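See below for the structure under consideration.
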Amino acid sequence: MSDDVGGTWLDNTYPGCGCDIPSMLYSFSFAMNGNWSRKYAPQDEILNYFRKCVDRFSLRDHIQFQSAVEKAQWHEEDKRWEVALKTGEVIHCNILISAVGQLSRPRLPAIEGIDSFKGPLFHSARWEHSFNPAGKRVGVVGNGASAIQLIPELAKQAEQVAVFQRSPNWILHRHDHRYPWLWRQLNRLLPGFSRVQRWIMYLFFELRILCYNRRTALNRAFTGWSRRRMKRVAPPDLHDQLIPTFPAGCKRVLLSNNYLQCLHQSNVDLITDSIAAITERGIQTGAREIPLDAIVMSTGFEANRFLYPMEIIGRRGQTLDDLWSRRPKTILGLIAPEFPNFFMLYGPNTNLGHNSIIFMVECQVRYILQMLSLLDRNGADAFEATEEATDRFDTILQSELKRKVWSGYAGSWYKNASGDITNNWCRSTLAYFWQTRRVDKSAIRMSTRQCSTAAVSTPIAR
Ligand code: NAP
């Protein structure tokens, strides 16, 4: 439950937190910012940017903070959603949009003894700012996108940092730099200067999708190139532990200009023995106990159970969680059968490994606005994705995902427990833009309040 806007950028305040997409690209196309301090702005600057956007577009008065949704139920007779908040308040609405995304619930793995540790133990997305690492022995569990940002910062102060790596990651150089005063002036004075830079960055990142096709020469070349880059920077005695043997792109390719470098420091240890337990005093790996004063769990998010723990109840009384127990089935990660007048932003299969999620969300909002005007034009009260169109979309999605590099790796958060890829989009963002630019009327049915449930299946689209 938050008391401000910002989402990820409000929750994640660990030292070194930032985005691995350049800020010119990780910002709204309709609210470009020519004042970024650096190419990859830090968390506080990104958070301020989103806060300013909220104020600029006078959105704050429309937002009700501290309002966790417990349950939302569709009422077919009224064609309305009834939304119950944890506070006991009940709200009715015609259209319901979920914007909780994929990465908002921190995941603490069920490691034996995790509650027995006597010192501070917290998740990277719930950073304890009262904790001072100076002179302490700190353990970091995980070496993902968050961990590689916070470890170099901890290593500047802590006496010892023990990094517990379960499996390696491909890590490439993040070409970060400060933006000079002149750059900011050019953005201010030259119309289009910011936009041109954004387009160049967009195209550069967009091309990376070509490297993520499975068993292709391009993916092999990308993997070989990444290996050479890592070898150049990582400590030679750690190459075997640090350099993955799986193709680049299977898990998110990480960008950093200080993680591999900090592994050269004498106060940073990379530990690849698997964790057996957490004890009162530290972390046990096999016969060895590593004594620690604090443990940071940088162990990712509950990414596969979408919208959980909210109970979203559809037209026939089934919950989204039940219907999607195997895997979610949607159209474009945006709409789903049985859930009329319901949209998701950054929903299933809309995550990216290569470009800015802001671009995807803008496509999704455009699609939602179109759907609303379509309802208006048709005098309809409700729409719903058809089963047939959803099945068609899902079949194509699944077959295309099989051709992507992340299908060849079992251990990423892109896949759920059944081994289905539930998080990633299967094509370029340009393709997503193209597919969301117009609502495919044959994929939905619309209805009015007068229509019975049976009549709902009669499309009234023009
Ligand atoms: P993550 O990438 O899922 O990393 C979690 C780490 O914890 C992995 O190294 C994982 O190991 C490890 N782990 C999980 N359970 C474990 C266990 N029981 N024992 C040992 N290790 C365990 O999580 P994240 O770093 O928070 O990042 C999540 C996502 O957030 C990213 O992929 C990215 O999309 C986003 N993010 C983005 C940025 C950015 O700059 N844009 C920054 C931070 C986060 P395995 O690899 O073996 O599973």
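The values are calculated or read from the model by the stated rules, or taken from the named source; none is laboratory data. All of these numbers come straight from a predicted model, not from anything done at the bench. Cβ sites come from the backbone with ideal geometry, for glycine too, and all protein chains shown count toward neighbours. Heavy atoms of the whole protein, side chains included, go into the accessibility calculation; ligands, DNA and RNA do not. Shrake-Rupley method; radii C 1.70, N 1.55, O 1.52, S 1.80 Å.
List of remarks:
- Of interest is the spacing of the C-alpha centroids, which for segment 304-361 and segment 74-88 amounts to 18 Å.
- Calculated FRET value between S266 and S58, using beta carbons and R₀ = 60 Å, to 0.05: 0.65
- The angle between the Cα long axis of helix 387-402 and the main principal axis of the chain comes to about 20°, on a 0 to 90 degree scale.
- In this rough spin-label picture, where each label sits 7 Å from Cα along the Cβ direction, the S2-D376 distance is 2.8 nm.
- Net lengthening on full extension, I396/E159 (0.36 nm per residue, minus Cα-Cα): 80.1 nm
- Per residue, the accessible area of the chain comes to 47 Å² when a 1.4 Å probe rolls over the protein heavy atoms.
- Filter on K39/K231; K52/K156; K71/K415; K79/K441; K156/K231; K156/K415 - keep pairs with C-alpha separation over 29 Å: K52/K156; K156/K415
- Dipole magnitude (debye, nearest 20) for segment 241-357, charges at Cβ of Lys, Arg, Asp, Glu: 540
- Each 5 Å bin from zero up to the one holding the largest Cα-Cα distance in segment 41-112 carries the following percent of pairs: 3, 11, 14, 18, 17, 15, 11, 6, 3, 1.
- Separation of alpha-carbon centers, segment 1-30 and segment 190-205, rounded to whole Å: 20
- Taking the Cα centre of the chain as reference, the dipole from Cβ charges on Lys and Arg (+1) and Asp and Glu (-1) amounts to some 1980 debye.
- Between F65 and R178, the contour length at 0.36 nm per residue exceeds the Cα-Cα span by 37.2 nm.
- Cα-based helix-to-principal-axis angle, 193-207 vs the chain, degrees rounded to 10: 80
- Surface calculation, 1.4 Å probe, protein heavy atoms: S226 sits at approximately 0 Å² accessible.
- Charge-dipole axis of segment 183-266 as Lys and Arg at +1 and Asp and Glu at -1 on Cβ define it, positive-most pick from A248, T216, V196: V196
- Using alpha-carbon coordinates, inclination of helix 147-157 to the longest axis of the chain, degrees: 40
- Trypsin sites (Lys or Arg not before Pro) within segment 56-137, DSSP loop, no more than 11 other Cβ atoms inside 10 Å: K118
- Kirkwood Rh (inverse of mean 1/r, distinct Cα pairs), segment 153-273, angstrom: 16.9
- Of all accessible heavy-atom area on the chain, the percent that carbon and sulfur account for (1.4 Å): 53
- Qualifying trypsin sites (Lys or Arg not before Pro) for segment 358-404 [loop in DSSP, other Cβ within 10 Å: at most 16]: R403
- The GluC sites (Glu not before Pro) of segment 198-303 meeting both criteria, a DSSP state outside H, G, I, E and B (loop) and at most 13 other C-beta atoms within 10 angstrom of the site's C-beta, are E280.
- Remark: the S104-Y308 segment gains 72.4 nm on full extension, using 0.36 nm per residue and subtracting the alpha carbon distance.
- Quarter the surface of the alpha carbon convex hull of the chain and you get the mean projected area, 23.8 square nanometres.
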